[in-house]
């Protein structure tokens, strides 16, 4: 079969031949139709992610859309290493897939699943968002952050505050269901004062896609505002602004802050797949879309090159044309 193949960590994959996987008794073969190039896929393929495989060669890709032998169209996750989703065929455990509803085409489903479910599960599974609560989305100008706005509203948020550095996108978010828009392009002291003000007004959940300096300021502001009757659930999802922060111990002692993570490991795979299925069904009314660029798998080397627009546009590889 044809596949994208990582032969050296940190380098773009090559388009090459690779032996087709043979399913074990507890596995199924999937003919892949579409798979998205996500930041997680890039990070794992570079050997930088905490879930990266240690041996080469390997086929990158953690999820995708494809067809079972009986013709059913499914979204699947967690292919068995070294068989990722950027190949004509892959193999997964039985049950590690969910149906794709008719209202979603292959490209939309492949592009939406990863960023959409990151918001869905962080809010529903980790934060346990309740109707009427206030959500602050730190880093709302990326794909996942923008999707988090309508998802939070759908799941019951009554007030939504967003932050970001891209001024143009922030202006557009002001008319897309947000109540407060905050620019991160301010000095640390000013940003801290602004964050303290919004915490005093009341925040129940912080959905953090950035980590780094802005997360430090948010946690410090939550401690300084210290509203004992309104605990804050801070859910860490992404780390675009940095992998580490400096967190004074007193922050967690001085305020009712629950610090959580949401991702592979903190949520069981089966719950992630159930979240994708729920998101897909909800999208019949939500009508969420992701800006996409479609490429053939044979173009993987050029499509893999770092792109400035990668945070705002998802590349989806078209791999096969239809049912087996």
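Throughout, read-outs are computed from the coordinates displayed, never taken from laboratory work. This is a predicted model, so every value here is computed, not measured. Methodologically, a virtual Cβ is constructed for each residue, glycine included, from the backbone with ideal geometry; neighbour enumeration extends over all protein chains shown.
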Task: Highest-first arrangement of 211-222, 192-203, where packing means the average Cβ count within 10 Å - done: 211-222, 192-203
Task: Mean separation of Cα contacts under 8 Å, 6 or more apart, over the residue count of segment 114-261: relative contact order % - done: 22 percent
Task: Principal axis dimensions, segment 1-156 - Cα atoms, whole angstrom, descending - done: 52, 37, 25
Open item on the list: Quick check on segment 209-260: what are the equivalent-ellipsoid semi-axes from the Cα gyration tensor, as sqrt(5λ), descending, whole Å?
Closed with: 19, 11, 8
- [ ] Multiply the residue separation of residue 197 and residue 266 by 0.36 nm, subtract the distance between their alpha-carbon atoms, and state the gained length in nm to one decimal.
- [x] 21.7 nm
- [ ] Compare the peptides 292-303, 3-14 by average per-residue count of other Cβ atoms within 10 angstrom and give them in order, highest first.
- [x] 3-14, 292-303
TODO: Evaluate Rg over Rh across segment 114-261, taking Cα atoms for both radii and Kirkwood's formula for Rh.
DONE: 0.92
Open item on the list: Distance between the C-alpha centers of segment 191-230 and segment 98-161? Whole Å please.
Closed with: 21 Å
TODO: Using only alpha carbon pairs under 8 Å that are at least six residues apart, calculate the relative contact order of the chain and give it in whole percent.
DONE: 21 percent
- [ ] Determine, for each peptide in 78-84, 245-251, the mean count of other beta carbons within 10 angstrom over its residues, then list the peptides with the highest first.
- [x] 78-84, 245-251
Open item on the list: If you average 1/r across every pair of different Cα atoms in segment 64-105 and take the reciprocal, what Kirkwood value do you get, in Å?
Closed with: 10.7 Å
Task: For the chain, share of DSSP beta bridges that run antiparallel, in % to the nearest 5 - done: 50 percent
Open item on the list: What percent of all Cα-Cα pairs in segment 161-220 falls into each 10 Å bin, going from 0 up to the bin containing the maximum distance?
Closed with: 20, 59, 21
Open item on the list: Counting only helical runs of four or more DSSP H residues, what would the 222 nm mean residue ellipticity of the chain come to if each run contributes -39,500 (n - 2.57) and the total is spread over all its residues?
Closed with: -9000 deg cm²/dmol
